Amino acid sequence: MPSFIRARRAVVALFLSGTLLATTAACGGDSAQSMTTSADGTPTASASFEQQKLAKTRFVANAGLAAGATYQWIVKPYREGKFKKGADGRTFALVKAGLAGAFTYNRLKAAVNNAKGDPLLSKAVAPLPAGIESLKDLGTKLRRGEATAGDVGAFEGIINSVKDAGKSAGAEVVDKVPSTAQLGGG
């Protein structure tokens, strides 16, 4: 009996190993099916179906995290007066806002990159990269306590533009607050 069980386990292990190798080889894909872009940055016909299929999902996930981080750690504390001199927990709020600013910038860049996989979404977000680029240094301003109402409004405005672009392309963005570990990149 024990030799039968060992043989059966060996067959199952061999089967699972073969399945694992087959699926990882299939995931690699070849260069003919990888996504390419034309000179103007729009996806071409050779983009793979999987990338197009998941483009909206990835866009919604990244934009949702950016929106959640902006509201939770930038807009809300600013409205509550936590960035004002003398406020309780000001330093911690400013550090979190700075991390949230950098995180938001990173996720918005990723969302715009994801949008390139869907033609309708790509057109909807086409005017946004310049506005997103303007957020690049605001994380540092927030962290140093130099942010103004205009800076906070810039974050809020860009997030609303991304949400509107997603909604117009059938990819509605819902705020998703990232954990503090995600903000720190951990």
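The values are calculated or read from the model by the stated rules, or taken from the named source; none is laboratory data. Not measured: the values here are computed from a predicted model. Areas reflect the complete protein model, heavy atoms only, side chains present, ligands, DNA and RNA absent. Shrake-Rupley method; radii C 1.70, N 1.55, O 1.52, S 1.80 Å.
Ranked by accessible surface with a 1.4 Å probe, highest first, in what order do ASP88, ASP175, ASP118 come?
Numbers: ASP88 145, ASP175 70, ASP118 25 Å².
Largest to smallest exposure gives the sequence ASP88, ASP175, ASP118.
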| query | What list of ³J(HN,Hα) couplings, whole Hz, do you get for segment 131-138 from phi and the Karplus terms 6.51, -1.76, 1.60, once you set θ to phi - 60° and write x for glycine and proline? | reply | x, 5, 4, 5, 7, 3, 9, 6
| remark: Expected field for GLU172, accessible surface area in Å² at 1.4 Å probe radius, rounded to 10, holds 120
| said: If you average the alpha carbon positions of segment 57-84 and of segment 139-170, how far apart do those two centres end up, in angstrom? | reply: 8
